[in-house]
Amino acid sequence: MAKTFYITTPLYYVNDAPHIGHTYTTVAADVMARYQRAKGRKVHFLTGTDEHGQKVFRKATERGLTPQVHVDELVQRFQKLWERLDCTHDDFIRTTEARHTTVVQEVLTELYERGDIYKESYAGWYSTSAERFWTEKDVIVAEDGTKLCPDTQQPVEWLEETNYWFRMSKYADKLRAWAAEHGEWIRPDSRKNELLGALKKDIEDLCITRPKERLPWGIPVPWDSDYVTYVWFDALLNYVSAIGYRKDEETFNACWPADFQLIGKDILITHTVYWGTMLLALGLDPADCLYAHGWWTIEGRKMSKSVGNVVDPNLLVDIYGADSVRYVLMAEKSFGGDGDFSHKGFQLRYNAELANVMGNLLHRGVSMSEKWLGGAVAPLGEITDAERALQAEVSELVASYDAHLCALSYNNALEALVNIGKAGNKYLDSEKPWALNKAGDMARLATVMRHTLEVCRVVGGLLAPFCPNKSQELLARLGLSNVSLEGLDQLSGLQEGASLTHGDPLFPRMDELPPAIAEALETAAAAAGPLKSLGGGAAPKGEKKAKKSKKSAKAEPTFETISFEDFTKVEIRVVEVISAAPHPDADRLLVLQVDAGEDTPRTIVAGIATKYSPEELVGKKLLGVLNLAPRKLRGVMSQGMLLAASGSKGILSMASTLADVAPGSRIS
Ligand code: MSP
């Protein structure tokens, strides 16, 4: 039986309101699923929700509802959003469904009977907010001595508890071997390196239960009714329970291992170390590729409920429409890297690519054909070097689109597509159909218009996975009723004589920020306040003008020079971040422990919390000035300063080096 193309997204916490991060992964998976289907593959695209755990239980209790009623209501937010965004998942799994819980219980029983799960008591710092234990060295100590969870910065409590443990350590070497032998398993390379680093350290056993008296909302441990399953052990198994693991061998074998498991970079370790060892313990292979994509900031700031800048994707769909949201999200940043979402950036990209290149080409092709050729698809006629060159360029770009898309390089695939549109516009400009019409050369005019429309057809076909509705509309205007990848690299797929439809602009230009967006932006900016310490950022109303004029006054920067001797006094060194945590007393500061090639780590306090999360900095090699006189920042002594590029929106990027050099290396 042919292998089914299987692609998954993470299961989103049902308590959270869907945001751009969730939307990004699901749309990315949908684009790939649509493309593979168009290529003729049988596809299984899975998404869903993670519905157990303390937070869900607490929220339901606060609302006076049973957890099940609570999650039944909340799950609809995700289901409705995916529908609005035209996502074509084949299945939506909820971890509270019987088809999932039975598999989790069977897996637990098998591993327990085999001795891979054992019971032991444990004492440690428990974080209710993160629903996990931390060791002494993990917790952060606030100024008043309170111990805090490094993930959530909420207080932790010392807890002694007997629980069941999964012998993760037993499978550590197998996992290391798997990673070594499967270079394509983890992508992009930055995440692969992060995992390889983590695999160098000890892998301990994993606590996979919680006492029921403390957490009543979870899957019961089959042989011990005093316990429920830990959320991650439960949720990860969805990827196999949804495709019939232990129930429907044929479907399971056709789908697993998954072709792509898409996740965000923050859940790399759970999906590699936890999930990888769980699979190996069950005798199953990990997925062919687990891709951990980068994160979005919003208008230059870290997305956060407390900042109030979490953009509701429903608002984006209301204002911009599903196709434009899908397109811009996938075009705006590389899949593996981080990126910033801004409404201005949205508009710029929409106008530059969808309106000015693709929409414009269609408009020109159809309106000129209407004006001079009776509004029908003209014959191909006699081909000249101009058409041969156009054909060669389009063929190359179609191949590039395909290669990029198959590698999840969405933004590069779209760049190839835009270049096809540009090639069409350029061809039209250089062949000058208006001059041919004037000269009465109707045969050549027909050939030129036909080739222009053929490029539109290619654009329409390749737009399909990203903008399914606009693609269909575009092709319908060319007289085609269905979207197909068949012969898409050939400029000869239209039906001669088919009537063309002009219609309204396919992608009308957006020249004003839609009022609802302008309003949302002002609210978020006012709530967040200006990023003073980082030199700018979204300013509350009224401050904008002053900032602008300041900027123009600075248009011609003049620098005070320093002597070479002065420069050599500055000790700029490569430092590797060992750990990072929020400053206990200042939202914008992070407290980093860095390896600067010295005997003991240094503490550096940096004003970068609006741009970077602590987790993403660990393991990064940055540039630091080490001989600045130490100074206290909000009570924490900082022994250096990190270098970063900054702009009007604050920090843009930390400075680093091109080569992977050792901590302590001097920059001179
Ligand atoms: N429930 C777990 C996953 C279990 S999978 C078996 C979970 N859920 S989540 O709802 O918190 O996160 C889901 C995804 O959203 C993660 O992949 C995470 O990386 C992603 N994002 C959260 N914030 C994001 C951005 N700001 N930008 C991009 N993606 C982000 O973790």
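The values are calculated or read from the model by the stated rules, or taken from the named source; none is laboratory data. Keep in mind that what you see is a predicted model, and the values were worked out from it rather than measured. Using ideal geometry, Cβ is built from the backbone for each residue, glycine included, and neighbour counts are taken over all protein chains shown. Calculation scope for accessible area: heavy atoms of the full protein, side chains included, ligands and nucleic acids excluded. Shrake-Rupley method; radii C 1.70, N 1.55, O 1.52, S 1.80 Å.
Worth pointing out:
- Of all the numbered requirements in (1) surrounded by fewer than 18 Cβ atoms within 10 Å (Cβ to Cβ); (2) within 15 Å of the ligand (Cβ to nearest atom); (3) over 22 Å from residue 467 (Cα atoms), residue 290 misses one, and that requirement is (1).
- Residues of the range 337-353 classified as within 12 Å of the ligand (Cβ to nearest atom) and surrounded by fewer than 20 Cβ atoms within 10 Å (Cβ to Cβ), total: 4
- Residue list for the range 239-280, filter: within 12 Å of the ligand (Cβ to nearest atom) and acidic (Asp, Glu): 266
- Subset of the range 369-385 [open to solvent by less than 30 Å² (accessible area, probe 1.4 Å) and either within 16 Å of residue 454 (Cβ to Cβ) or free of Cβ contacts under 8 Å to residues at least 40 places away in the same chain (or both)]: 369, 376, 377, 378
- Residue list for the range 167-210, restricted to those being part of a helix (DSSP H, G or I), touching a residue at least 40 places away in the same chain (Cβ under 8 Å), among the hydroxyl-bearing types (Ser, Thr, Tyr) and more than 23 Å from residue 334 (Cβ to Cβ): 171
- Residues within the range 198-227 that are under 16 Å from residue 68 (Cα atoms), away from the ligand (no atom under 16 Å from the Cβ) and at pLDDT 95 or above, tallied: 1
- Residues of the range 4-42 that turn out to be within 16 Å of the ligand (Cβ to nearest atom) and of a type outside the set (A, V, I, L, M, F, W, C), as a count: 17
- Taking every residue in the range 85-108 that is under 14 Å from residue 220 (Cβ atoms) and at pLDDT 95 or above and pairing it with any residue that is aromatic (Phe, Trp, Tyr) and surrounded by fewer than 19 Cβ atoms within 10 Å (Cβ to Cβ), at least 6 positions away or on another chain, the pairs with Cβ-Cβ distances below 9 Å are 108/223.
- Residue in the range 461-478 that is of a type in the set (D, E, K, R) and over 30 Å from residue 45 (Cβ atoms) present: no
- Going through (1) open to solvent by 30 Å² or more (accessible area, probe 1.4 Å); (2) at pLDDT 95 or above; (3) more than 16 Å from the ligand (Cβ to nearest atom); (4) more than 22 Å from residue 313 (Cβ to Cβ) one by one, residue 1 falls short only on (2).
- Under the condition of being surrounded by fewer than 19 Cβ atoms within 10 Å (Cβ to Cβ), of a type in the set (D, E, K, R) and at negative phi, the residues counted in the range 617-637 number 3.
- Elements of type helices (runs of 4 or more DSSP H) contained in the range 219-318, each with 2 or more residues being more than 25 Å from the chain's Cα centre (by Cα): 249-255, 275-281
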